[in-house]
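Worksheet for the structure shown next.
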Amino acid sequence: STAPHVVVDKFVSTPRPDSPSPSAASSSIRHPNDVRARNANYVDEDSRTMGGVTATVRHDWTKQEIAEIYSLPFHELMYRASTVHRMYWDPSEVQQCTLLSIKTGGCTEDCSYCSQSTRHKTFVKPTPTMKVQEVLAAAKRAKDAGSTRFCMGAAWRELGNKKNAFNHILEMVRGVNGMGLEVCCTLGMLNAEQARQLKEAGLTAYNHNLDTSPEHYPNVITTRTYEDRLQTIANVREAGISVCCG
C-alpha cells in the first residue's frame, strides 16, 4: 500500500536584523532528523509565520506568557502546537530514538515519583553501571533497528567525583557518536567542566527535568534544590549542548 500524502504548507521566514544573508531565508526548509544539519537552519532566523501563528526559538519565557499558553482553549492550543511543529519539522516524519538505562536503581535522591530511589520500596533491582562494550553493542542494535538517536540514563544524584564512571561514559559517548547517531544522556547534576568534556566527546543533548515550579519543588524532592537543577542546565547550555527539559 502507498503511504498517505501529507500536505507540507509554506511558511514565512523572517531573518534576524543582524543576519549576514537575509535573502537566503527559505520558506520550505524543515529541520532534518540529523541534529548536526538541523541547528544551522535557523541560525540566521528571527521567527517563522504560518496560518496566523508566529514562532521563534527562545528560552526566556515569562510566567505571564506561560500562563497565557496554559489557559488557551484545548483545540486552539493543539492548532498552534501543530502549526509550529509543521513550520519546523516535516509532519510526515517521526524520529526513532532508543533509551538505555546504563545504571539502574540504588539512587539516594528522594524524588517522590521515582521507583529507582532507595527511599522507596519498589521492585526495581539495583544494578551496577554497564560496561562500555555492552552499551556500544546496544547502540549498534538500535541503529540497525532504525534509531537515529541513542540516549543513556544513570540513576544517581550527580556525577560528582565518579572519575572512573565518568571516563567510561565519555568513552560511550564517543563510541555512539562515532556510529553517526545523535547522543543523549541523563546523568544527574553536572559541573561546567563535566559538561564541557561531554560536549567535546560528541554529546548532542542532555536531559535534566525541572519537574514542577520552584514553589512546589520542596514538596516533591528534598535532597536537592531547584537552583541545583537550574545550574546544571546553565552548565549544559553554556557548553553548547542541547537541553532536553520538562
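Identify, please: which residue in the stretch 138-167 is among the polar types (S, T, N, Q) and touching a strand residue (DSSP E or B) at 6+ places or on another chain (Cβ under 9 Å) and is, among those, least open to solvent (accessible area, probe 1.4 Å)?
The residue in question is SER147.
Filter the stretch 162-202 down to residues that are free of Cβ contacts under 8 Å to residues at least 12 places away in the same chain and in a helix (DSSP H, G or I) and give me whichever is nearest to GLN133 (Cα to Cα).
So the residue we want is ASN167.
Identify the single condition in (1) assigned to a loop (DSSP other than H, G, I, E, B); (2) touching a strand residue (DSSP E or B) at 6+ places or on another chain (Cβ under 8 Å) that VAL94 does not satisfy, given that it satisfies every other one.
Exception for VAL94: condition (2).
Do we find that THR83 is of a type in the set (S, T, N, Q), in contact with an Asp or Glu (Cβ under 7 Å, 6 or more places away or on another chain) and modelled with pLDDT of 75 or more in this structure?
Answer is no for this residue.
Look through the stretch 214-246, keep the residues that are assigned to a loop (DSSP other than H, G, I, E, B) and either modelled with pLDDT under 90 or touching a helix residue (DSSP H, G or I) at 6+ places or on another chain (Cβ under 7 Å) (or both), and return whichever of them is surrounded by the fewest Cβ atoms within 10 Å (Cβ to Cβ).
In this case the residue turns out to be GLY246.
With respect to the numbered conditions (1) open to solvent by 70 Å² or more (accessible area, probe 1.4 Å); (2) in contact with a Cys (Cβ under 8 Å, 6 or more places away or on another chain), which one is the sole condition not fulfilled by PHE123?
(2)
Can you list residue pairs whose Cβ atoms sit under 6 Å apart, with the first residue in the stretch 60-86 being in contact (Cβ under 8 Å) with a residue 12 or more places away in the chain and the second being open to solvent by less than 70 Å² (accessible area, probe 1.4 Å)? Count only pairs 6 or more apart in sequence or on different chains.
Sorted first by the residue in the stretch 60-86, then by its partner, the pairs are ARG80/VAL53; THR83/MET50; THR83/GLY51; THR83/VAL53; VAL84/ALA55.
Of the residues GLU109, GLU134, which is open to solvent by 50 Å² or more (accessible area, probe 1.4 Å), of a type in the set (D, E, K, R) and either touching a Cys at 6+ places or on another chain (Cβ under 7 Å) or at negative phi (or both)?
GLU134
When you scan the stretch 119-140, how many residues do you find that are without any contact (Cβ under 8 Å) to a residue 12 or more places away in the chain and not in a loop (DSSP other than H, G, I, E, B)?
Adding up the residues that qualify gives 3.
The values are calculated or read from the model by the stated rules, or taken from the named source; none is laboratory data. A quick note: this is a predicted structure, and the numbers were derived from the prediction, not measured. Cβ: placed from backbone, ideal geometry, glycine included. Neighbour counts: every protein chain shown. These area figures cover heavy atoms from the full protein model, side chains too; ligands, DNA and RNA do not enter into them. Shrake-Rupley method; radii C 1.70, N 1.55, O 1.52, S 1.80 Å.
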